[in-house]
1. Just to be sure I understand the model, the point goes 7 Å from the Cα along the line to the Cβ. What's the resulting Thr87 to Ala29 distance in nm?
2. Take Asn312 and Met278, extend 7 Å from each Cα along the Cα→Cβ direction, and tell me the distance between the two endpoints in nm.
3. Percent of Cα-Cα pairs per 10 Å bin, from 0 to the last occupied bin, for the chain, please list those.
4. Mind giving me the FRET efficiency for Asn333 and Thr236? R0 is 35 Å, r the Cβ-Cβ distance, nearest 0.05 is fine.
5. What do you reckon, how do Thr398, Thr185 stack up by accessible area (1.4 Å probe), largest on top?
6. Can you pull the semi-axes for segment 100-200, root of five times each eigenvalue of the Cα gyration tensor, sorted largest first, whole Å?
7. In square nanometres, what is the average projected area of the Cα convex hull of segment 54-112?
8. Could you compute Rg(Cα) / (2.2 N^0.38 Å) for segment 203-267, with N its residue count?
Amino acid sequence: MTDALGQEFTHSESILVRPVAQCSFTAPASARVNAAIPITMQEVSGLCGRPIVWSLIRDGAAADYSGSLTDVGGNITIGTPGSYTLTATVTDDAGRVFSYSLPIEVTNTAPTAPTAGVSVTRTVKGGNFLVNFTVNSTDPDGDTITYEYDGRSEDGYYAVGSHTVRVRAKDSCGAYSDWTAINFTVSNSAPATPVISRNPDGNSVAPGTAITITASSTDPDGDAIHYVWEGRPAETSASYPIGKNTVRVKAVDAAGAESPWTAIVFFVADPTHGGGMMLTGPESTIVEDGVDGATITSWTFNVPAVSGHSANYDYGEVSGYNIQTGKWDRLTNVSFNASIGSSFAATDGNTGRVYSHNGVYMYGTLQPGIYTKLQFRYYTPHDCMYNKSNITYSVTFTYN
């Protein structure tokens, strides 16, 4: 200012004008659990070297997040669904506080519970069967899905019986579906009782004869079968000893399921070397004592004709021990052929006796599960047939 005398007077003051701090940012309005949430700075100014402080609030309380945010933003993940508010705050050197906030909705959109199918195969390992699973799930967010199992075997093979395996879907964000139970049964049926074939198949075989014995069976599931033999040196063998021979066999499938045993009895014998059974008098009998645990399904009885013998009242008869009644039954369902050298044979249907002039060949079949022993008898009053080892029989067994 200038006074009346022309004198000038001056005064000055300095004023600091501080800028208004800006720290706005962008963020997605919604995100999935554990998915990356990008935070991008939109306008940053007037910080005056002061750092941005970030905070996350849920339901009025501080919330945790993973990742890091700086003055240039960054990426975070939130592990729990809910409604959140993310805030950037700057306090300038005058103590003024400037902040910017955005809401973020975090969701746990899980995959759907899987649908599941199961296929039990006939592929076998260690007695167990291979089981294949088919599962399917969808994710509403289009995330990649993997599956987690509970109760699933490491190699995919399961023993015979009922099983339950659970499966659930997991998306790439770590969200899980509900469990789905898969119930399945592994079943296996044992092979059928084998049928034994023998060649030659007569009830007696001359010593030194090569005998071929085979078996055949079927498996209800179509599994491969192998046979377990007892009393058979080889499929074809000439080493069967003189006398009574018993051979038995069972079928075993790939998983180890076993059929019942079946067995045959035959003789290696001839008039010169012996080996057959003999009659010692008019009332003598020959008894087949059976095989433990088995019943008889078929039989033959051969009394060869003797040179110079002829009688009108010779006869053969067969009785079976009935395990259901504990008694011996006379077998009446009998077939027969006249023995070589005999000119006549006839049967009495009431008694099951087969009458002959000289020897007889009798045979028959029996219902399984009834007879365990057989008693063979050939009645003749003539001693020309006694004390000769020329009588043989054969028997086929099945195991109950």
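1. So the two model labels end up 2.3 nm from each other.
2. 3.1 nm
3. Histogram of Cα-Cα distances, whole percents per bin: 4, 14, 14, 10, 8, 7, 7, 6, 6, 6, 5, 4, 3, 2, 1, 1, 1, 0, 0.
4. Efficiency at R0 = 35 Å is approximately 0.55.
5. Of Thr398, Thr185, the descending order of accessible area is Thr185, Thr398.
6. 47, 10, 10
7. For segment 54-112, the mean projected area of the Cα convex hull comes to 5.0 nm².
8. It is 1.27.
The values are calculated or read from the model by the stated rules, or taken from the named source; none is laboratory data. Given the structure is predicted, the values throughout are model-derived calculations rather than measurements. Here the Cβ is made from the backbone with ideal geometry for all residues, glycine too, and neighbour counts use every protein chain on show. Side chains included, ligands, DNA and RNA excluded: accessible areas come from the protein's heavy atoms. Shrake-Rupley method; radii C 1.70, N 1.55, O 1.52, S 1.80 Å.
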